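Structure first, then comments.
The values are calculated or read from the model by the stated rules, or taken from the named source; none is laboratory data. Source: prediction; values computed, not measured. Every residue, glycine as well, gets a Cβ built from its backbone with ideal geometry; the counts of neighbours run over all protein chains shown. Each accessible area value is taken on the protein alone, full model and side chains, heavy atoms only, with ligands, DNA and RNA left out. Shrake-Rupley method; radii C 1.70, N 1.55, O 1.52, S 1.80 Å.
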Amino acid sequence: MKFTSLNLRGFEDWERRRDRIVHHLRHEDPDVVFFQEVVFLPEISPYDPVHVLNRQLEYPHSQTTISRLQVGRDYPVYREGLAVLSRYPIISSEIIVLKQEEGDEHNRILQLIDIDKNGERIKLANLHLSITDVIDYATPQLAEVLDILKARGETRILMGDFNLTHLEETSSMWSERYIASTETPYISYPKTNKRIDYALIPREYVFDTISVSDDSLPDHRAVTVTVSPSAPAISRTRLLGFHE
């Protein structure tokens, strides 16, 4: 299966970016797209940007949760959340509010999506963790996400904006059950030459390809991975479309 994750940055510079995002997603043609920073700004549109994009992309299934009310720079407030587009039916969805650390101006959510791929239930998770510029809020949030899934007896394909420059440094929390896109070098946030967008996949899968978009979308590059059931002693990870 093929998955793409993109921090959408809401409607920022929308007229320039909208068609480029559509073009990129049509070219990649993922089965599922994970979006972060999906906003509702009635001053701009009565629809969120994923709804607008999907008028052209025409994915048959979608799930959007816009649950965070934030203080805005250009508008008094804005509403923000997460969204998924899927080629396969979404058979269940759930939103869990993550704990908010003292001093963190953002309250984050975890979007859990189950899809039906020809009778097989595929469990997915879309996440956008908090910024770690001064204080590391993202690591305890990631720990909470993994604890929630472990308590439920689940492993899921996780994708999104982790806001962690070195996800591999947290490997003690997930390496027993997951493998990460960190084994392939790429930059997803070119503004600071960092990698903060990732995929974590259960160990019953392997990465077949990992690629990133060019810089014409938002300030994040889209990250696209293809995964397949793991085969013993065979490593098929390779890098496609790598951009420095």
* Asked: Within region 19-65, can you find the residues that are under 17 Å from Leu217 (Cα atoms) and part of a strand (DSSP E or B)?
  -> Val33, Phe34, Phe35, Gln36, Glu37, Val38, Val39
* May I ask you to verify whether Arg16 is within 21 Å of Tyr75 (Cβ to Cβ), open to solvent by 10 Å² or more (accessible area, probe 1.4 Å), touching a helix residue (DSSP H, G or I) at 6+ places or on another chain (Cβ under 9 Å) and not in a strand (DSSP E or B)? => no
* Hits in region 159-194 (condition: open to solvent by 50 Å² or more (accessible area, probe 1.4 Å), farther than 15 Å from Val227 by Cβ and not in a loop (DSSP other than H, G, I, E, B)) -> Glu168, Glu169, Ser172, Met173, Lys194
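Any residue that is open to solvent by 10 Å² or more (accessible area, probe 1.4 Å) and either in contact with a strand residue (DSSP E or B) (Cβ under 7 Å, 6 or more places away or on another chain) or of a type in the set (Gly, Ala, Ser) (or both) - is there at least one of those in region 132-145?
Start the filter on region 132-145 by keeping residues that are open to solvent by 10 Å² or more (accessible area, probe 1.4 Å), which leaves 132-137, 139-140, 143-144.
Of the ones still in play, those that are also either in contact with a strand residue (DSSP E or B) (Cβ under 7 Å, 6 or more places away or on another chain) or of a type in the set (Gly, Ala, Ser) (or both) are 143.
Checked region 132-145: at least one residue is open to solvent by 10 Å² or more (accessible area, probe 1.4 Å) and either in contact with a strand residue (DSSP E or B) (Cβ under 7 Å, 6 or more places away or on another chain) or of a type in the set (Gly, Ala, Ser) (or both).
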* Write out, first by first residue and then by second, each pair whose Cβ atoms fall under 7 Å of each other, whose residues are 6+ apart or on separate chains, and whose first residue, in region 80-101, is farther than 13 Å from Phe34 by Cβ while the second is of a type in the set (A, V, I, L, M) and open to solvent by 40 Å² or more (accessible area, probe 1.4 Å). => Glu80/Ile66
